[in-house]
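Shown next, in structure tokens, is the structure this report addresses.
The values are calculated or read from the model by the stated rules, or taken from the named source; none is laboratory data. Everything quoted here is computed from the prediction, not taken from an experiment. Cβ atoms come from the backbone with ideal geometry, glycine included; neighbour counts cover every protein chain shown. Quick note on the areas: whole protein, heavy atoms, side chains included, nothing else; ligands and nucleic acids left out. Shrake-Rupley method; radii C 1.70, N 1.55, O 1.52, S 1.80 Å.
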Amino acid sequence: RKDSGMLSYKEHLPVSQVVVGDLDRPGSEAKVSLGPVRCQGDRNYWNAASFVTSSSYLHFSTFQGETSADISFYFKTSASDGVFLENLGNTDFIKLELKSATEVSFSFDVGNGPVEIVVRSPNPLNDDQWHRVNAERNVKQASLQVDQLPLEVRKAPTEGHTRLELYSQLYVGAAGGQRGFLGCIRSLRMNGVTLDLEERAKVTPGVKPGCSGHCTSYGMYCANGGKCVEKYNGYSCDCSKTAYDGPFCIKDVGAFFEEGMWLRYNFHSPGTSVKDLVSRTLLSSADPEITAPDLSLNKEELSFSFSTTKSPCVLLYVSSYTPDFMAVLVNPMGNLQIRYNLGGTKEPYNIDIDHRNMANGQPHTVNVTRNGRDIVLQLDHYPPTSYSLPATSDIQFNSPKALFLGKVIEIGKIDQDIYKYNTPGFTGCLSRVQFNQIAPLKAALRPTNASSHVHIQGELVESNCGASPLTIPPMSAATDPWHLDSASADFPYNGQAIGDGVNRNSAIIGGVIAVVIFTILCTLVFLIRYMFRHKGTYHTNEAKGAESAESADAAIMNNDPNFTETIDESKKEWLI
């Protein structure tokens, strides 16, 4: 019925999504709240050093842990074995090492003979991910724990030596000709003191300060094509080649377009040749199939989100120095249309999406990918649909010139339908617009090197109106925790149980309300009678007609017929 808890590990952040199931049954509801988020810790959490050779080591003063030792650190490696740290005495010693890809060992000798505690992991520990080690030793026992694996404990002998006597320096890494640790160690604390690995690494050959490889562990958090960039003591996400913003490239960059407003992004800026421009902006340098001298595109990737209530309109238009063009339109019926004209055909090639009205004011996402003759279109969270250009059509988009949003203001001949849809123009929201490596809205709203390519007619106001919540695709029956194999499965909240429960609860509530109302009415009646009994009217048993009678006896005789009859027949008085 309720799930709650604290996020206590940095690795669990950021919270990228919350999935709530079991909302289809009647009366079901869910409320999700997160926060407040407060980060706390010390600045030494990322104090780290990278050991780049198996003979590399750092040395510190002798570890003072005669009767008590508490050692903790994080490590990350792709090697199968290596010594983390070691400190020696005459015969005493203390050592932590990675014995194999799945074993961490804590060994020591206080004069009673060597003692070794080993934690074995069901999964490899040399997976280049962070793992935490915590080793403790005192006069009563010693323990070792790795990540969240079960704690291994070894009791100390009841008799014998208890003091750990060391005299050599503390070595972090290789020591005494042993194979040292290859990888990264951070946040090394010994008896509550954090060792400054970074400062010592700066003056030690074979060891580098900081820890490279953060992107290996956290690069997946750079979303929407963001590039993970290694930093001295962490990482960051480079969103410059995306249509998104924010620390993790997940914030939409969008704007609201009023009627008549338009934006043009020129692929060719003054003083720049078309050849240079195409090679820098439209074409990916990592694509070996496309080179700058071609001055054409064999493939395009287009994605954006929009919302509008008016149709027809032009959402996006890519022009060229030739008759080639690409357009995304909303036709008069409110349906989406993708239009390509790459030459070789008499009429442009149209893709009509007529199964739903797109001018309904709701955010919609459009993704169009063309590779040669093949076109893949995905609308919202519907499955992708494949199309193919006609056999006679060219497959090269020749000499791209400019990209328009909201309206087409172009010199030369324009397709007749696009010309009709161009008036009065698009009204609504456009967001996260990206054409290959170009993000025109982001270039207009964020100062970048590409801002000089942008020309705007009207006042462009940034807005998140196009942001739509993430829709989670349906889970398979194997992974869906709410999936029931049969309608008769023993599940406490199936439809029938909920229905009976609701009826029973309604009856109980109705009975309670009726009892309360009846009690209130009875109390009111009692109070009214009590008030009028003691206040207002005085009641007597005087005979009726007493006001007009000559005497009290006459009033009684006039009012009581029986009394009168008795007087007449049996009790007559005579005055003598």
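Quick check: at a probe of 1.4 Å, how many percent of the accessible area of the range 44-209 sits on carbon and sulfur atoms?
The nonpolar share, carbon plus sulfur, comes to 47 percent.
How much accessible surface does V328 have with a 1.4 Å probe, in Å² rounded to 10?
Answer for V328: close to 0 Å² accessible.
To the nearest 0.05, how large is the calculated FRET efficiency for E230 and E459 if R₀ is 56 Å and r is the Cβ-Cβ distance?
Rounded to the nearest 0.05, the efficiency is 0.90.
Obtain the nm distance between the two label points defined at Y387 and K241 by a simple spin-label model: each point lies 7 Å from its Cα along the Cα-to-C-beta direction.
2.8
If ligands, DNA and RNA are left out, what is the accessible area of L195 with a 1.4 Å probe, given in Å² to the nearest 10?
Approximately 30 Å² for this residue.
Taking θ as phi - 60°, what are the ³J(HN,Hα) couplings along the range 85-95 by the Karplus curve (6.51, -1.76, 1.60), each to the nearest whole Hz, with x for Gly and Pro?
Result, ordered by residue: 7, 7, 9, 10, x, 4, 10, 6, 6, 9, 8 Hz.
Which cross-chain or sequence-distant (5 or more) residues have an amide H under 5 Å from the amide H of S311, H modelled 1.01 Å from N in plane?
Under 5 Å from the amide H of S311: no residue qualifies.
Mind listing the long-range amide H neighbours of Q362? Cut-off is under 5 Å, sequence gap 5 or more, other chains count too, H placed in the peptide plane at 1.01 Å from N.
T308
Please work out the average accessible area per residue across the range 28-161, using the 1.4 Å probe convention, and give it in Å².
On a per-residue basis, 54 Å².
Over the range 297-357, with every protein chain in place, what whole percent of the accessible area is carbon and sulfur at 1.4 Å, could you tell me?
48
Work out, step by step, the length gained on full extension between T369 and T162: first 0.36 nm times the residue separation, then minus their alpha carbon distance; give nm to one decimal.
Additional length available on full extension: 67.5 nm.
In sequence order, what are the phi-derived ³J(HN,Hα) couplings for the range 514-520 according to the Karplus relation 6.51 cos²θ - 1.76 cosθ + 1.60 with θ = phi - 60°, rounded to whole Hz, with x for glycine and proline?
5, 5, 5, 4, 4, 4, 5
State, to one decimal in nm, how far the label point of Y530 lies from the label point of S8, with both points 7 Å from Cα in the Cβ direction.
5.9
In whole Å, largest first, what are the principal axis extents of the Cα atoms in the range 44-209?
So the extents along the principal axes, rounded to whole Å, are 44, 36, 29.
Could you give the alpha-carbon Rg of the range 133-191 over 2.2 N^0.38 Å, rounded to two decimals?
Its radius of gyration relative to the 2.2 N^0.38 Å reference: 1.39.
Per residue, how much accessible area does the range 305-448 show when a 1.4 Å probe rolls over the protein heavy atoms, in square angstrom?
41
Which length gain, in nm to one decimal place, applies between V115 and D127 when the Cα-Cα distance is subtracted from 0.36 nm times their residue separation?
1.5 nm
Taking the Cβ of R163 as the center, what net charge do the other residues with Cβ under 12 Å away carry, scoring Lys and Arg +1 and Asp and Glu -1?
-3
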